[in-house]
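The values are calculated or read from the model by the stated rules, or taken from the named source; none is laboratory data. No experiment lies behind these values; they were computed from the predicted model shown. Neighbour counts are summed over all protein chains in view; Cβ atoms, including those assigned to glycine, are modelled from backbone coordinates with ideal geometry.
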Amino acid sequence: MTTSSTEAGTDGLDKPFPWDRKCPFSPPEQYTELASERPIAKTRLATGRDAWLVTGYDNIRQLLLDPRVSSSRRAENFPFYFPIPEVFRTETSFIGYDPPEHTQTRRKAAVTFTNRQTQKLRPQIEQIVDETIDALIAKGSPADLHHDLSLPIPMTVICLLLGIPYEDHEFFQRHGAVLLAGDSSTEQRQAAMVEVGKYLENLIAIKEKTPGDDLLSRAIAEYRQSGEEYETRDLVNLCRLLMNGGHETTASMISLGTACLLEHPDELAKIKKDPSLVPTALEEVIRFLTIGDAAIARVATDDIELGDVTIPKGDGILCVAFTGNRDPEIYENPDQLILERGNRKHLGFGYGLHHCIGADLARLELEIVWTKLFARLPDLQLAIPYQDIRTKEGAVIYGVWELPITF
């Protein structure tokens, strides 16, 4: 027997979604109840709206392949769980599009993020990482790994790819934090969107007159060669999406992943002894931490039967990736960090049509950072207990505000 939206009601848990992690490396405790007792449950969001939380590896993968779900932010019940300005619904890019618009827009960026193109960047990223570690060492111990290493590395790389002058990186870091944080006000998000939009409009005007060897210039050239009409706002939205997604996620993963490895010294010893394990190990760290846990949002465009529940047409859906990545039906001892078992079947980069376009770039950056960081700073340690790390609870991308370290 299936249940409908009306019959299901809310799940009755004591706090609206999203829920805080009790430990930076573990999922919110409410997930255990949901995954075991109500794997598909209607839940109250912090905005006062209701949405369906879908848990479990197989349920999430099945839903993300279903053509009856939409990523459009324009849908009335799109499950935003924090206050948003109206431009969040209209000024998006392919992450908020459905086919065919999604396919056409994503193609403009995809050629830059293929594995082959990404690997060509290895020498440049290695140099960026070495220079950043040099600066960290010169600054001395103690230091803040998040601000001195995790943020500048992916920011330098994404500026390089998009053709954005690196001297403007602090502007994007500041506004990106506002746009993705869980505690920003509607007014703060709106102001950040306006300021970033103005900057990118000016940059696009420069690239139209004087193109360079970068993604933005190539996207403009492709539009012109194909005869497609485009509006400046299309490129603004594409660039803002890649800018935010290209540095915030990787920076968070570097910091939180480093803290996690330091708190699992027996596992860390394995990659110190054999750095060739790092590409495998990073997949396990991504699975274990799932920083994009609450970032997979959809809307049902028709009634969808999933398990013993019917999600009605028009209802919002959040796929809780952490529950998929800690699913005991898929992973033996899922709450243990076991670096050797790392593989790419986790949900850390999403799944299906909207699988993260920058996944291979993120993997390359993490591989180079952790290979070099632990080799060059073998005595690296957290300067405070991991329980005291200030974390970004309720943010679209989970992470830390700073990471005090000694070396």
If a residue must be within 28 Å of Pro79 (Cα to Cα) and either acidic (Asp, Glu) or part of a loop (DSSP other than H, G, I, E, B) (or both), how many such residues does the stretch 310-333 contain?
10
Can you tell me which of Asp234, Asp266 is surrounded by fewer than 20 Cβ atoms within 10 Å (Cβ to Cβ), in contact (Cβ under 8 Å) with a residue 60 or more places away in the chain and more than 26 Å from Leu151 (Cα to Cα)?
Asp234
What are the residues in the stretch 286-309 that are hydroxyl-bearing (Ser, Thr, Tyr) and either under 23 Å from Lys392 (Cβ atoms) or outside any loop (DSSP other than H, G, I, E, B) (or both), if any?
Thr290
Here are Ser217, Ser226, Ser185: which of them is surrounded by fewer than 20 Cβ atoms within 10 Å (Cβ to Cβ), under 30 Å from Leu289 (Cα atoms) and among the hydroxyl-bearing types (Ser, Thr, Tyr)?
Ser185
What pairs come up if the first residue lies in the stretch 211-224 and is under 11 Å from Ile164 (Cα atoms) and in contact (Cβ under 8 Å) with a residue 12 or more places away in the chain, the second is surrounded by 17 or more Cβ atoms within 10 Å (Cβ to Cβ) and among the hydroxyl-bearing types (Ser, Thr, Tyr), and their beta carbons are under 7 Å apart, counting only those six or more places apart or on different chains?
Leu215/Thr112
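Inside the stretch 38-68, can you point out the residues that are among the acidic types (Asp, Glu) and assigned to a strand (DSSP E or B)? Break it down into steps so the answer makes sense when it comes.
Here is the first cut: in the stretch 38-68, the residues among the acidic types (Asp, Glu) are 50, 58, 66.
Correct list: Asp50 only.
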Reported set for the stretch 85-100 where residues are at pLDDT 80 or above and either on the phi > 0 side of the Ramachandran plot or among the β-branched types (Val, Ile, Thr) (or both) is Thr92, Ile95
Checking the structure you have, find out if any residue of the stretch 333-343 is closer than 30 Å to Gln124 by Cβ, surrounded by 18 or more Cβ atoms within 10 Å (Cβ to Cβ) and in contact (Cβ under 8 Å) with a residue 60 or more places away in the chain.
yes
Would you check if Glu283 is touching a residue at least 40 places away in the same chain (Cβ under 8 Å) and assigned to a helix (DSSP H, G or I)?
yes
Looking at the stretch 65-114, which of its residues are in contact with a strand residue (DSSP E or B) (Cβ under 9 Å, 6 or more places away or on another chain) and of a type in the set (S, T, N, Q)?
Ser70, Ser71, Ser72, Asn77
Pair list, Cβ < 7 Å and 6+ apart or interchain, from the stretch 300-315 residues that are surrounded by fewer than 21 Cβ atoms within 10 Å (Cβ to Cβ) to residues that are modelled with pLDDT of 95 or more and among the basic types (Lys, Arg)
Thr301/Arg68; Thr301/Lys313; Asp302/Arg68; Asp302/Lys313; Asp303/Lys313
Taking the stretch 112-144 and keeping residues touching a residue at least 12 places away in the same chain (Cβ under 8 Å), over 22 Å from Arg363 (Cα atoms) and assigned to a loop (DSSP other than H, G, I, E, B) leaves Ser141, Pro142
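Pick from the stretch 348-366 the residues that are part of a helix (DSSP H, G or I) and surrounded by fewer than 19 Cβ atoms within 10 Å (Cβ to Cβ): which of them is nearest to the chain's Cα centre (by Cα)? Break it down into steps so the answer makes sense when it comes.
Within the stretch 348-366, the subset part of a helix (DSSP H, G or I) is 352-354, 359-366.
Next cut, surrounded by fewer than 19 Cβ atoms within 10 Å (Cβ to Cβ) only: 352-353, 359-360.
On the way: Gly352: 15, Leu353: 16, Ala359: 10, Asp360: 13 Å.
It comes out as Ala359.
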